[in-house]
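Let me begin by presenting the structure, written as C-alpha cells, before commenting on it.
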Amino acid sequence: MILAVAAGLIDRGRRMMPARSPDPFGVGHTRESPVGNEEGFMQSTPDVSPVFFLFFMVFGLAIYLFYSYCLKRIVEKCGEQPGLIIWIPILQMLPLFRIAKMNPWLILLMFIPLANLIVAVMVWLGVLKVLGRDPLMVVVALVFGFIYIPYLAFSSDRTPARAAV
C-alpha cells in the first residue's frame, strides 16, 4: 500500500481518476492512465492512427521506387538494359548480377544470413569495377548505401569502363 501511494497509483485508499493525456496529433485518440477507468477495467485505444499507417506506407513506397530508379540508372550507366525486372523486389538484383558477371542463381544465397553479405560485397565490387570506381568504396556502398547508391546513379564524373563481352 505504501509503495502504491508513493508511486502515485492510489491516493489515500481511493482510486485516482483516469488522467487524459493531451492529444499531440489532433486525431481524437486519448490515452487512459494505467490505473483504469471508474469500473476498474483497462481501456485500450489505438496508439497509431490509420492516417499515420497510410502515411508510412506511402513514404516507404516512395523510398522503394526512388531506390529502384537509382538501380535502373546504375544499370544503364553500365551499358545494360534493366527492363521491368528492376522494379520487382529481390529480382531487381539480377541486372546487377549480370553487370558483375556472376551467376544469377547466386541470388538464392541472398536469403542465407552472412552468405548474403559476401554475395552483396561480390556484386557491388563487380558493379563498382565496371563503373570505374575504387573497389574499396564497396564498404561505403554497403554501409551508407542510402547515400552512395543515389550518388552513383546521378553522378556523371566518370564514364563506365565496360569490358568487351
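The values are calculated or read from the model by the stated rules, or taken from the named source; none is laboratory data. These figures come from a predicted structure and were not determined experimentally. With ideal geometry, Cβ positions are generated from the backbone for all residues, glycine too; neighbour counts draw on all protein chains shown.
For the criterion of being of a type in the set (V, I, T) and either at pLDDT 95 or above or outside any helix (DSSP H, G or I) (or both), V27 passes. Small (G, A, S), surrounded by 19 or more Cβ atoms within 10 Å (Cβ to Cβ) and within 22 Å of the chain's Cα centre (by Cα), is that true of A141? Yes.
A quick yes/no check of all residues on (1) within 22 Å of V143 (Cα to Cα); (2) surrounded by 13 or more Cβ atoms within 10 Å (Cβ to Cβ); (3) under 20 Å from the mean Cα position of the chain (by Cα):
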{"site": "Q81", "(1), (2), (3)": "no, no, no"}
{"site": "I88", "(1), (2), (3)": "no, no, yes"}
{"site": "M93", "(1), (2), (3)": "yes, yes, yes"}
{"site": "L106", "(1), (2), (3)": "yes, yes, no"}
{"site": "N116", "(1), (2), (3)": "yes, yes, yes"}
